[in-house]
1. Output the residue which, of all residues in region 31-50 that are open to solvent by 70 Å² or more (accessible area, probe 1.4 Å) and modelled with pLDDT of 85 or more, is nearest to the chain's Cα centre (by Cα).
2. Mind checking whether some residue in region 52-70 is farther than 23 Å from LYS11 by Cβ, charged (D, E, K, R) and free of Cβ contacts under 8 Å to residues at least 12 places away in the same chain?
3. For region 70-98, what are the residues that are of a type outside the set (D, E, K, R) and more than 18 Å from CYS121 (Cα to Cα)?
4. Might you check whether a residue that is open to solvent by less than 20 Å² (accessible area, probe 1.4 Å), under 21 Å from ILE138 (Cβ atoms) and among the polar types (S, T, N, Q) occurs anywhere in region 53-66?
5. Would you point out which residue out of ASN125, ASN66, ASN84 is farther than 25 Å from SER23 by Cβ and not in a helix (DSSP H, G or I)?
6. Just one of (1) farther than 27 Å from ASN104 by Cα; (2) among the charged types (D, E, K, R); (3) in contact with a Ser or Thr (Cβ under 9 Å, 6 or more places away or on another chain) trips up LYS25, so point out which.
7. Can you tell me which of SER103, SER28 is hydroxyl-bearing (Ser, Thr, Tyr) and loosely packed, with under 14 Cβ neighbours inside 10 Å?
8. Out of the residues in region 1-19 that are at pLDDT 80 or above and in contact with a helix residue (DSSP H, G or I) (Cβ under 6 Å, 6 or more places away or on another chain), which is most open to solvent (accessible area, probe 1.4 Å)?
Amino acid sequence: ELIESQFILSKAISKTFALILASNKPQSLLDGAIINIENVLSTVNKKEYHHIFPKDYLKNKGYNNNEINTNANICILNLINNRNISNKAPREYFLELQNRLGSNLEEVLESNFINKKAYECALINDYNGFINARNKIIIDKAKELCEDFEDISLELVDRQLNNIDGYEQLNLDI
């Protein structure tokens, strides 16, 4: 559901998605600046979220709102950079990224869950390929975060149970 749902900030699944994005300490796509995650997450500000493949661009290509607003098409981006990208074709502004970011390009892209495959798809305006590549990275990160939480949770539960008198006699296997 995380990947297939639309990005709507009032929904819990979108807020969860925003936290996954934030967990990667994203840098602004256009200039590599560190994004103030606390500011982005503290207020419901849809202007800080960017459609990587712009809405109007995709509408002109025949995509519907469900396809356009999928979580995998969203990244965190400051308002100024969001306006600078506007409705440019991904190829156009991704080529600009190469020139602007130089040797920092890969680091900035990875901070936004954009790997080499997704980047190559963006360079040829391949939306479906881009979404598929980015979905995989985001799902992998979500699984990683859940595993980390599970490990921490089980460790805490075990510690708490060990503090209960008579726990050892119960012989519970968690």
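The values are calculated or read from the model by the stated rules, or taken from the named source; none is laboratory data. Note that the structure is a prediction, hence the values are computed from the model and not measured. Cβ: placed from backbone, ideal geometry, glycine included. Neighbour counts: every protein chain shown. Note: accessible area is taken over every heavy atom of the protein model, side chains too, but ligands, DNA and RNA are not part of it. Shrake-Rupley method; radii C 1.70, N 1.55, O 1.52, S 1.80 Å.
1. Top of the filtered list is ILE34.
2. Among the residues of region 52-70, not one is farther than 23 Å from LYS11 by Cβ, charged (D, E, K, R) and free of Cβ contacts under 8 Å to residues at least 12 places away in the same chain, which makes the answer no.
3. Let us first name the residues in region 70-98 that are of a type outside the set (D, E, K, R), namely 70-82, 84-87, 89-90, 93-95, 97-98.
Residues satisfying the conditions are ILE76, LEU77, ASN78, LEU79, ILE80, ASN81, ASN82, ASN84, SER86.
4. Within region 53-66 (the criterion being open to solvent by less than 20 Å² (accessible area, probe 1.4 Å), under 21 Å from ILE138 (Cβ atoms) and among the polar types (S, T, N, Q)), the answer is no, since none of the residues qualifies.
5. Numbers: ASN66 fails: not in a helix (DSSP H, G or I); ASN84 fails: not in a helix (DSSP H, G or I).
Answer to the selection: ASN125.
6. Evaluating LYS25 over (1) farther than 27 Å from ASN104 by Cα; (2) among the charged types (D, E, K, R); (3) in contact with a Ser or Thr (Cβ under 9 Å, 6 or more places away or on another chain) leaves (1) as the failure.
7. Details: SER28 fails: loosely packed, with under 14 Cβ neighbours inside 10 Å.
From the options SER103, SER28, the qualifying one is SER103.
8. The residue in question is PHE7.
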